[in-house]
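The values are calculated or read from the model by the stated rules, or taken from the named source; none is laboratory data. Keep in mind that what you see is a predicted model, and the values were worked out from it rather than measured. Cβ coordinates were reconstructed from backbone atoms using ideal geometry, including for glycine residues, and neighbour counts include every protein chain displayed. We work out accessible area using only protein heavy atoms, side chains counted, and drop any ligands, DNA or RNA first. Shrake-Rupley method; radii C 1.70, N 1.55, O 1.52, S 1.80 Å.
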Amino acid sequence: MDKRLQLIIDAAHAKFGLNAYELEKHGVYRRRDTMGEAFYVFEMTWYPQEVTELVEDGTIPLGTAFISYSIPENKFIGLSFAGEISFATEKQFPNRTIKEVTDWLEQETGLVYGKDIKLTDAYSSGFDFEIELDGIQLSPSSSFEVRFDDAGKLTNFPWDGVKPPKESVDKSAFTLTLEDIEPLVKQQLQLVELPSDTKECFVPVYAMDEVYVAVDGARVIPFVWAERSEIEVGKRLEWDEPLEQELHRIEFPYDVYEATVEEAFGELGTAGKLTLTAEEISKTTAIVCDVMRSELPDESGQWTLKSMKREEDLIIAFCEKNEESLSIVKRKAVVQIDPGTMVAVNFFDNEGMLGLGGLFESFASAEQAVVTHDEAFEKMVPYITLDPTYVYDEITGKYILCGLLDAAEAVDAVTGEIISLSDL
């Protein structure tokens, strides 16, 4: 056992009162933060010493403790007990009060409650919190929850995200208004057909396509965090003849990347940000076309390679069927490529979800829209919001101030009524 890891094990044992536990397994893993930088985590699994039932392969005993430790930050960043049952001796919150929890959080995180940390939800068994920057929300969000049992023992503390360092934030005043960007707001109000579980049909509505708008109004950033690191391609996929080739599928672990102790403690350097070179983009485009020729040979010209992105052990390419449809449920395909060999290793197609026997097979088609776009916009104006948010920007590598353009309501394109999207 590496001495540095042993010190972490001993610290976990003492800090969380694990006298009734034995360390079952451990490992060092590489993860990525919100800015795409690599960091290393030491993961530990502790079994209760008295396991009353035989532990079968893949079975986790109740009370098992999972503990995560950030090596670069030198602190624990996660603790959970299976079934929220703890056999630990430490009682972090004997009175189960918000003050006990926030005092403990400030000590563990170095953040200040009321300044950096905001309470978002309270339960009889714990609290949920979000990290803010000068009272402004972050995207990707940084949050954590604290759960405890009736005795006040900590049972769950997953920490997702961090407070951005000062040098990674471009601070500015939020002066953006809806009037400033009215043409963009109109553009984001789109006629779409949404599936309604209650009505078992598709419903035509005018709804806001939520995006982040830079505070100067000059740029739009995707709402979905994962899409921000994608490289837009927009290549129509065409071929003259099918291709007979066998795809040798390989299963890759999800978000679990083992690392060595030397990597974790910086003795071999740390992994840089994940990028795609121009050559890799070109090769990926050709590989995707060949996969589509093989998997969907009769559909030349019917697909577009929309975007691609580099992940830890994969290049992932996203394709979409060229269809004139208002439905948000679209035909899509994904090709996964091993960046080391530049060979396709997986292909996924959502046709099964959309076609015969799919999720929406019994749904009736949407009615024809009657309400015009201008009419819908006039109705929607009071419901559109623009909330300040610090958003991580892949282009500048910093958090920039934006406005989240959104609305929880929509206009029924047939009746003209304002409806809540949550009611569909």
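Note on the range 174-245: Cα-only Rg and Dmax are 18.4, 57 Å.
The lysine pair count for the range 262-349, using Cα distances under 26 Å and pairs eight or more places apart or on different chains, is 15. Across the range 134-145, computed HN-Hα scalar couplings (Karplus, 6.51 cos²θ - 1.76 cosθ + 1.60, θ = phi - 60°) run 6, x, 10, 5, 10, 9, x, 5, 10, 9, 7, 10 Hz from first to last residue, x flagging Gly and Pro. For the range 283-424, what class follows from the C-alpha gyration tensor (a ≥ b ≥ c being the square roots of its eigenvalues): rounded when a/c is under 1.5, otherwise prolate if a/b is larger than b/c, else oblate? The shape class here is oblate.
Within the shell defined by Cβ-Cβ distances under 12 Å, the residues around Thr304 carry a net charge of +2, with Lys and Arg each +1 and Asp and Glu each -1.
Structural descriptor for the chain: relative contact order 16 percent, calculated from alpha carbon pairs under 8 angstrom and at least 6 residues apart.
Where the accessible area of the range 190-335 is counted over protein heavy atoms with a 1.4 Å probe, how much of it, in %, is carbon and sulfur? Mind dumping the intermediate values first?
Details: 3880 of 8240 Å².
C and S fraction of accessible area: 47 percent.
Considering Cα pairs under 8 angstrom that are at least six residues apart, work out the relative contact order of the range 56-211 and quote it in whole percent. Walk me through the numbers on the way to the answer.
Details: 228 pairs, mean separation 25.6, N = 156.
That works out to 16 percent.
Can you tell me the 0 to 90 degree angle between the C-alpha axis of helix 278-295 and the longest principal axis of the chain, rounded to 10? It is inclined by approximately 70 degrees.
For the chain, the longest principal axis of the alpha carbon atoms and the long axis of helix 3-15 meet at an angle near 80°. Helix 98-109 and the longest principal axis of the Cα set of the chain meet at an angle near 90°.
For the range 101-175, the solvent-accessible area with a 1.4 angstrom probe is 47 square angstrom per residue.
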